[in-house]
1. Kindly establish whether ILE181 is buried (at least 17 other Cβ atoms within 10 Å of the Cβ), out of contact with any His (no Cβ under 8 Å at 6 or more places or on another chain) and either assigned to a loop (DSSP other than H, G, I, E, B) or not hydroxyl-bearing (Ser, Thr, Tyr) (or both).
2. Could you run through the stretch 19-39 and say how many residues are in a loop (DSSP other than H, G, I, E, B) and either in contact with a Leu (Cβ under 7 Å, 6 or more places away or on another chain) or crowded, with 21+ Cβ neighbours inside 10 Å (or both)?
3. Has the stretch 109-131 got any residue that is in contact with a helix residue (DSSP H, G or I) (Cβ under 6 Å, 6 or more places away or on another chain), surrounded by fewer than 22 Cβ atoms within 10 Å (Cβ to Cβ), of a type in the set (A, V, I, L, M) and not in a helix (DSSP H, G or I)?
4. Just the residues that are crowded, with 22+ Cβ neighbours inside 10 Å and either out of contact with any helix residue (DSSP H, G or I) (no Cβ under 8 Å at 6 or more places or on another chain) or part of a strand (DSSP E or B) (or both), please, taken from the stretch 137-163.
5. All but one of (1) in a loop (DSSP other than H, G, I, E, B); (2) at pLDDT 95 or above; (3) of a type outside the set (Asp, Glu); (4) surrounded by 17 or more Cβ atoms within 10 Å (Cβ to Cβ) hold for MET1; state the number of the condition that does not hold.
6. Only residues that are of a type in the set (A, V, I, L, M), part of a helix (DSSP H, G or I) and farther than 15 Å from GLU161 by Cβ: list them for the stretch 225-264, please.
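The values are calculated or read from the model by the stated rules, or taken from the named source; none is laboratory data. Treat the numbers as computed from the prediction; the structure is a model and nothing was measured. No Cβ is skipped: glycine too gets one built from the backbone with ideal geometry, and neighbour counts run over all protein chains shown.
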Amino acid sequence: MNNNSPKIKQTILITGASSGIGKATALLFAQKGWNVAATMRDPLKEKDLQGIPGIKLFTLDVTSPDSVNLAFERIVSEYGHIDVLVNNAGFGADGVFEAMDDEFIRKQFETNVFGLMRMTREALKHMRPNKSGTIVQVASVGGRVAFPLFSIYHASKWAVEGFSESLQFEAEQFNIRIKIIEPGAIKTEFYGRSRAFVKPEKTTDYDSFAAKVEKLNKSAGEKGAKASVVADTIYKSVTDNSKKLRYPVAYPANILLPLKRFLPASWYYGFVRKNYGI
């Protein structure tokens, strides 16, 4: 597939396009002349993307199989084809694991993992007969390294990494490329309304530890890179015509991933503990 071809207007489907990375990606691809299917749970609430040339809004809840199927049908009916899927929908669950019940854990995985898999499966069904396509998984630096109090979030993103790394082998025969985007700290709703923090109600034993970790997490969110930086990386991954799998972007992804790779484990974990003051 030549994603830079001027003859056929390419179509990209983006999940979680109502804010942050998803919205920035929708705006960038529209600017580049693509057909953009910007999906979200409630398009009626979206104002910024309304009326932008090249962008059309579609209802999609990745946790609902019926919603996923209907969205694909409508988007294919509208554009005739889907060249790129960007699996961006997700949220951050953090806090004390002991306080997380099964329902909370399932909610994290239903969106970040099962929803992503659902979308990927439908995209494969559409792209395979065309022998062309790119599936972009927005994972995280937290898909290859781990920080305190993000155990469930990390579990979901590590699952995305393993799933996608394996999937590339079976998709490759159909000229379908799998790309994994690994953002570091980004100024998005990950640290705001899409965040779900949990701590125990019946004990204060974790309070001191949680306070130290929360201080650094808050600072990271305030100093994070703009979502547009990730959108630029997504565009690069789609248009570079390579089989490159992983694309780390922004601090601390560009620092921690090499450190974990080359440092002895005890040194690396010591580095993390020192930064958190734990």
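1. Values: buried (at least 17 other Cβ atoms within 10 Å of the Cβ): yes; out of contact with any His (no Cβ under 8 Å at 6 or more places or on another chain): yes; either assigned to a loop (DSSP other than H, G, I, E, B) or not hydroxyl-bearing (Ser, Thr, Tyr) (or both): yes.
Answer is yes for this residue.
2. Residues that pass the stated criteria total 1.
3. No; the residues of the stretch 109-131 include none that is in contact with a helix residue (DSSP H, G or I) (Cβ under 6 Å, 6 or more places away or on another chain), surrounded by fewer than 22 Cβ atoms within 10 Å (Cβ to Cβ), of a type in the set (A, V, I, L, M) and not in a helix (DSSP H, G or I).
4. Correct list: GLN137, VAL138.
5. The number of the failed condition is (2).
6. We begin by selecting, within the stretch 225-264, every residue of a type in the set (A, V, I, L, M); these are 225, 227, 229-231, 234, 238, 245, 249-250, 253, 255-257, 259, 263.
Now drop any that are not part of a helix (DSSP H, G or I), which leaves 227, 229-231, 234, 238, 253, 255-257, 259.
Of everything in the stretch 225-264, those that are of a type in the set (A, V, I, L, M), part of a helix (DSSP H, G or I) and farther than 15 Å from GLU161 by Cβ turn out to be ALA227, VAL229, VAL230, ALA231, ILE234, VAL238, ILE255, LEU259.
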